[in-house]
Amino acid sequence: MAAFDPQQMIKSLPDAFKKLNPATLWRNPVMLIVEIGAVFTTVLAVLEPNFFSWAIVVWLWLTVLFANLAEAVAEGRGKAQAATLRATKRDTTAVKVSGEVVSATELKQGDEVVVVAGEIIPGDGDVIEGIASVDESAITGESAPVIRESGGDRSAVTGGTKVLSDRIVVRITQKPGESFIDRMIALVEGANRQKTPNEIALNILLAALTIIFLVATVTMQPMAIWAKGANPGIPDSLALTGDGVSGIVLVSLLVCLIPTTIGALLSAIGIAGMDRLVQRNVLAMSGRAVEAAGDVSTLLLDKTGTITLGNRQAAEFLPVAGVGEQELAEAAQLSSLADETPEGRSIVVFAKERYGLRERDVHDAEWVPFTAQTRMSGVNVGGREVRKGAATAVMKWVRDNGGHPTEQVGAIVDAISGSGGTPLVVAQKDQVLGVVHLKDTVKPGMRERFDEMRRMGIRTVMITGDNPLTAKAIADEAGVDDFLAEATPEDKLALIKREQEGGRLVAMTGDGTNDAPALAQSDVGVAMNTGTSAAKEAGNMVDLDSNPTKLIEIVEIGKQLLITRGALTTFSIANDIAKYFAIIPAMFAAVYPGLDALNVMRLDSPQSAILSAVVFNAIVIVALIPLALRGVKYRPSSASKLLSRNLLVYGLGGIVAPFIGIKLIDLLISGIV
Amino acid sequence: MNRLPSWIRQHLAALRAVAVLTVILGVVYPLVTTGVAQALFNEKTDLIGQSFTDAEGNPVGKYFQSRPSAAGYDMLATAASNLGPEDVVDAPGKPSLLTQVCARSVAVGRLEGVSGARPYCIPEGVGAVLKVFPDRAVSVNQACPAQPFVSAYEGVKVECAKPGEDYAAGRTVPIRGNATAVVPPDAVTASGSGLDPHISVAYAELQAPRVAKERGLPVERVNALIEQYTTGRSLGFMGEPAVNVLALNTALDKG
Amino acid sequence: MGWLFILSLIVALALVYKPLGDYMHRVYAGTKHNGVERVTYRLLGVRPDTEQRWGAYARSLLAFSIISIFFVYALQRVQDELWLSLGFAPVPDHIAWNTAVSFVTNTNWQAYSGENTMGHLTQMAALAVQNFVSAAVGMAVAIALVRGFARRGSDTIGNFWVDLVRGTLRILLPIAFVGALVLVAGGVVQNFVGPHEITTLTGNVQNVTGGPVASQEVIKELGTNGGGFYNTNSAHPYENPTAWTNWFEIFLILLIPVTLTRTFGRMVGQLRQGYAILAVMGVIAVASIVLTNVFELAGNATVPQAVGAAMEGKDVRFGVANSATFAAATTLTSTGAVNSFHDSYTPFGGMMTLFNMMLGEVAPGGVGAGLYGMLVLAVITVFVAGLMVGRTPEYLGKKIGAREIKLASLYFLVTPVLVLIGTAVAMGNEAGLAAMLNSGPHGFSEILYAFTSASNNNGSAFGGVTVNTPWYDVALGMCMVLGRFLPIIFVLALAGSLAKQTPVPESAGTLPTHRPQFVGLVVGVTIVLVALTFLPALALGPIAEGLF
């Protein structure tokens, strides 16, 4: 989806008008004040009509409208997605195990239903019987079917998805009307959007600023009346009469001072943040979770699938003394020809790439498959007996055959284990030929990602079931900060609690039922969509792509959300400086001519100065809508650097931009007013 | 007393705290300080300035004159003038600060036989201030029938101020003129304390010839005394050099 | 020479910074009680080893302050019945209320003239006592807030009575005693002489009066109180006889507010955080002092131009520069003592004194009050800046969430609202307008100054304003009470809320709050927020007066 489409603005206009209703607007106190001001000035303009007053009135209304537009555009994008989702949510019927046919909406938790090929699964649940391929494109956008079967970690099915083959029995786990799709629709629409903690805090600060400026503007009135009275020789002006500053000008000043820019864009920023996650196929169950993602200081990453490719591959053949590399390679290849495990395939590939050994057809071979008892596999062919497997198992086999493995074998094996690899000993009858070094390959680019994380102040912890030695080696290679080896679900939970006690926020991914407690305990728990319903329930985000690496992106989106808010708040407040320089001389230079020195922009007339400030104030909202929706640019770096950059752009920029903007508008309108 | 509700206990503690601390800080501390201070140090006698005028308030010629005082050197009513830097328009019975400055300058000049002229002042010793209207200007501190200090301002005629007329509507324009002041600043401004014991060295030197003449002393002798009673800057950089008028006059009286 | 004067103050403060800051840390962090303190606690009926939650701390503080107000009020009302009254009548009720509130709130606004209103006993036992304890209260609140930052997962923030007693007896009293003797050596009087007449050289009669001035003068500065024994305050030769006592008094004013930043750094276990806060205060203070000097020395206004120097309301021994430095120091802190009269300052010089107070007196501010005010500003800065680095903002490891920002915002709201509403009400009614001595924008500045001074607990004035009227005594009294205790309640609540938190460990993603970047940011936020709040009012007062 394009970051921003001007057409959306036009499409959202009707919604923007609807939002003028004060009953909706009261959630946004800053804009409510602007609307009250707009109503007040409208009344004043009706009573005493002139061009200047009406121009101000129009622009005040536009200010409110632009704020509503920002929100409407942000919501509009979600609505489009919700519409797509809704299309899949057709009225379905469900066949209970008892044979009873009911509407899908009447299903309760614990009901068991039968779904056969071609039918839509009527609600979220777990497969308790059977196996089926399921089309989940409705929610993931991924057209390839997935397998769902009873038991294990692939038992969860989602209502609204379609069974393509076979027959399954599903136990419904959702409450009526709270299906995953229902929640998704609600989320992307922002229907029951609740303010997040930081948003609440920011709103409080904005309210305080609004109160201050309200007080500053209102209390100015008696001072102005007195000043005018003390200078009886000064004729009344449009801005200042014996009754004080005119209502129109007073409201203009107030609207220019209160933080309307951030007030107008705040909710759009929040909605857009959620939206950015949705675009990456991540569903956050609450805005709070998105915000927490920005705060995460510890990332727990599963080794397999996240950090490494998850399959061990042959990386080296290490022969014992007296055996040639070529000889070992040949034996290893031979023993693996029928081995269809990824490890076995990788040995064949490696032998071919490195030693030029082609795959060959072996006749009359007796393949010895791997079993949990023997822990080795191999082949008996033409009198040769070749085995490869776990060191202890193969060495025992050699001894049983009367051989005496040398010390060297043990040394090689230990070295490989120490470096994080998996040693596979290759032997022929009573002689150990050497060792195959199987390596779990770290995904390309991971080290850079982790360095990036470190610069952002995030600690990465690798979780693995490997022994500490292996774990350490991979951790070193990948460049994570820490690792948890031989991890059980309990260890994981304990680690999370320990981190949290130190005040850290922890993010993790998980998919299995045994991950559920840890997912629930972590501050940001991203469940894989392929995972169990228990995992999805426990986490506060679901990754529809089931890509654990995405956690890193989620963190960045969370940060970007907060940065956008902070940057626009700074911009909004910094803007006020220029507006004062426009409006104060416009109000008071008549009484105290010296104050004209403050008119550093040399604005044409008091009226054009005030109108320019109001117009700028409104236009800047529209101009910043794209930025609010897209989020400010985020490049991972240290807090200090980020701050410097954002201060320069939004702080200094916020001070300078309105001076230029107001002057330009003044040049345009000075002839008219 | 532990039976009392805690909010009462707190107030009791507060009450006792005020009592105990008042005894320590309000009685013991000042008394001990007084005892030690009087045992260790002698009180100085020339800290407070006084006015060297006769019963009618006219300067007595044989004495160096102190600075103007808004308090009349009354220690029971110390005060500063508190008039603002743009207080330039006289009100009936309430001369502006500018006019006070101008008047003092003229008076000192007359007493010491030098020019009393100052910027923004006219020779009569009032502030040179116009109230400018679109069609005329008024020298607002010069009541009719005085001759306005300028005849025209930016093309409009300058009139004298008619008593009782309200000129508030005019724009206030002080006119600098081209005078340079001879009378030093401290001679024409009221001090902060109203009891300033000091004058500047410049003001003392301005007065020296007159005092010498009145007392029949050589000016050199008077100047030597001025130097003797001049306190330099503390440690060479704090404050300003100042002449203690009371000490100087006392020394003169002693011969 | 004026620059050397400023520089020497900085050097002197730098010399005592470490020892005094560390000493204060030991005072407040220590667990032992000395003999005098143990007796005091027994007399008070408090258990010094029980800690208080923020609510209890606040209630103790308020109870103590309320009783203090009653006591100071009562003593003024019956002074004629007691010793050392010097024959003065009871202080009129509205002035007595105003004075009681003024001294208990560390404002020391004076709607009376000391030399003809207050007997020696009232000065000593009512006013000077509050000079000590109101300062100790401010320090206690600051320490409580710092504890909030320093503690982890704690429900309590200290014991008010212990903080009060230790601050008074271990910090203020010893320094005051030594300082008083230094002042006496410089010529400040310390006796029990009442009003009497002497004959001048020309044979006229002059009224003179003495009193226990030095013992009160020293704590007036040290506790950033500012209530002079005499009406003309530190301009009076009996309070401030020489150029070097003037230097010493400015030093005393800045002493505790500056060094408390070291105590803060020690308590949170990161000295550099204390240096950062000190740097913020230092940047603002030095800029303000220098600007005040520049404006006063330039003397850009009609009368100073006519005079040839801005000498109106200034004494010769101090001169323009040292007077300006005193004026800046007294308004940058909550002192309000004056050695020259701000009302007669040049428009921009006078505006600096106003603006210093509008900053909330945070650079370095009143004893304790400056530190907690600055920390609140740091919290607000951290909030906006923290968002810009993509995290929930945190300061010293404590998250600045909705509750914290609510309390910080409320704190920040109180004084501007009081100042602006107070000024507006005064400008809109006869009783308010009647107080002006000067006309035009300067008259307005007098009223604006009065409400700014009262609400920020400063106590200095554009002295021309006539405020010993019931209307002003009540209005300014309200500003003083609300301007002191509402912020204190919010700060203590903030302390309680922070103390409960477990600190977030620092990482590269944490906004560093000890670098020049952050220092500059706090300075910027402080100045911009205050300027935005008060610019309309300043435009109609000193700016209109200065630009013409």
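Considering only protein heavy atoms, with the full assembly of protein chains and a 1.4 angstrom probe, order C:VAL294, C:VAL491 by accessible area, largest first. Display every interim value, and only then the final one.
Details: C:VAL294 65, C:VAL491 0 Å².
Final ranking, largest accessible area leading: C:VAL294, C:VAL491.
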So, with +1 on the Cβ of K and R and -1 on the Cβ of D and E, and no other charges, what is the size of the charge dipole of chain A about its Cα centre, to the nearest 20 debye?
1600 debye
How big is the shadow of the Cα convex hull of segment C:2-547, averaged over all directions, in nm²?
24.4 nm²
Heavy atoms of the protein only, probe of 1.4 Å, neighbouring chains included. What is the accessible area of A:ASP15 in Å², nearest 10?
40 Å²
Can you tally the net charge around B:ALA128? Count Lys and Arg as +1, Asp and Glu as -1, for every other residue whose Cβ sits under 11 Å from the Cβ of B:ALA128.
+1
Judged on accessible area alone, 1.4 Å probe, highest first, A:ILE347, A:ILE225 line up as A:ILE225, A:ILE347
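Let me have the 222 nm mean residue ellipticity of the protein assembly as shown computed from DSSP H runs of 4+ only, each contributing -39500 (n - 2.57), with the sum over all residues rounded to the nearest 500.
Working: 50 runs with 764 residues, N = 1476.
Result for the protein assembly as shown: -17000 deg cm²/dmol, rounded to the nearest 500.
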How big is the gap, in Å, between the Cα center of segment C:43-70 and the Cα center of segment A:617-673?
50 Å
In whole Å, what is the distance between the alpha-carbon centres of segment B:34-92 and segment C:84-135?
24 Å
Looking only at GluC sites (Glu not before Pro) in DSSP loops with at most 14 other Cβ atoms within 10 Å, what is the longest site-free stretch of chain B?
B:57-153
With +1 on the Cβ of every Lys and Arg and -1 on the Cβ of every Asp and Glu, and nothing else charged, how large is the dipole of the protein assembly as shown about its Cα centre, in debye rounded to the nearest 20?
1080 debye
Förster radius 51 Å - calculated FRET efficiency between A:SER286 and A:LYS96 (Cβ-Cβ, nearest 0.05)
0.95
Under the rule a/c < 1.5 gives rounded, and otherwise a/b versus b/c splits prolate from oblate, where does chain B land using the Cα gyration tensor?
oblate
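Rounded, prolate or oblate: which fits segment A:309-441 when a ≥ b ≥ c are the square roots of the eigenvalues of the alpha-carbon gyration tensor, with rounded for a/c under 1.5 and prolate only if a/b beats b/c?
rounded
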With 20 Å as the limit, write out which pairs from A:LYS641/C:LYS18; A:LYS559/A:LYS641; C:LYS398/C:LYS500 have Cα-Cα distances beyond it, or answer none.
A:LYS641/C:LYS18
Spin-label proximity, C:ARG152 to segment C:506-522 - amide N less than 16 Å from point 7 Å beyond Cα toward beta carbon:
C:506-507
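What average number of partner chain Cβ atoms lie no more than 10 Å from the Cβ of the residues making up B:95-106? Spell out each step's value before the answer.
Working: counts 0, 4, 8, 5, 2, 2, 8, 3, 0, 1, 3, 0.
For peptide B:95-106, the averaged partner shielding equals 3.
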Highest-first arrangement of C:152-165, A:173-186, where packing means the average Cβ count within 10 Å
C:152-165, A:173-186
Checking segment A:97-142 for GluC sites (Glu not before Pro) in a loop per DSSP with at most 11 other beta-carbon atoms within 10 Å yields A:GLU100
Give the calculated FRET efficiency between A:ASP476 and A:GLU407 to the nearest 0.05, with a Förster radius of 41 Å applied to their Cβ-Cβ distance.
0.90
If the cut-off is 15 Å between C-alpha atoms, which aspartates and glutamates fall inside it for A:LYS492, apart from same-chain ones fewer than 8 positions away?
A:ASP302, A:ASP466, A:ASP482, A:GLU501, A:ASP511, A:ASP515, A:ASP523
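May I ask which of A:LYS536/C:LYS399; A:LYS396/A:LYS429; A:LYS497/C:LYS406 have a Cα-Cα span longer than 18 Å here? Could you put the intermediate results ahead of the total?
Working: A:LYS536/C:LYS399 29 Å; A:LYS396/A:LYS429 11 Å; A:LYS497/C:LYS406 29 Å.
Correct reply: A:LYS536/C:LYS399; A:LYS497/C:LYS406.
Can you pull the Kirkwood radius for segment C:405-519, inverse mean 1/r over Cα pairs, to one decimal in Å?
16.4 Å
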Treating the angle as unsigned and between 0 and 90°, give the value, to the nearest 10°, between the Cα long axis of helix A:489-501 and the longest Cα principal axis of chain A.
30 degrees
Please calculate the 1.4 Å probe accessible area of A:LYS18, with all protein chains present, and give it to the nearest 10 Å².
140 Å²
Using 0.36 nm times the number of residues separating C:VAL178 and C:VAL11, minus their current alpha carbon distance, what extension gain do you get?
58.1 nm
log₁₀ of I(q)/I(0) at q = 0.10 Å⁻¹ - segment B:133-230, Debye sum with one point per alpha carbon:
-0.54
Report the equivalent ellipsoid semi-axes for the protein assembly as shown in whole Å, largest first, defined as the square roots of five times the eigenvalues of the gyration tensor built from alpha carbon atoms.
78, 39, 28
Taking a 1.4 Å probe, which of B:TYR167, C:TYR411 shows the most accessible area, and what order do the others take after it?
C:TYR411, B:TYR167
How far is helix A:468-478 tilted, in degrees, relative to the longest principal axis of the Cα atoms in chain A, given as a value from 0 to 90 rounded to the nearest 10?
50 degrees
Given the C-alpha centroids of segment C:226-242 and segment A:557-609, what is the distance between them in whole angstrom?
44 Å
For segment B:1-115, max minus min Cα coordinate along each principal axis, in Å, sorted largest first?
82, 43, 23
SASA check, C:TRP471, accessible area w/ 1.4 Å probe, all protein chains in place, rounded to nearest 10 Å², comes out at 80 Å²
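Filter the GluC sites (Glu not before Pro) in segment A:390-495 down to the DSSP loop ones having no more than 13 other Cβ atoms within 10 Å, then list what survives.
Details: sites: A:GLU407, A:GLU448, A:GLU452, A:GLU477, A:GLU486, A:GLU490; in loops: A:GLU486.
Loop-located and lightly packed - A:GLU486.
The values are calculated or read from the model by the stated rules, or taken from the named source; none is laboratory data. These numbers were taken from a predicted model, which means no experiment stands behind them. Cβ sites come from the backbone with ideal geometry, for glycine too, and all protein chains shown count toward neighbours. Areas reflect the complete protein model, heavy atoms only, side chains present, ligands, DNA and RNA absent. Shrake-Rupley method; radii C 1.70, N 1.55, O 1.52, S 1.80 Å.
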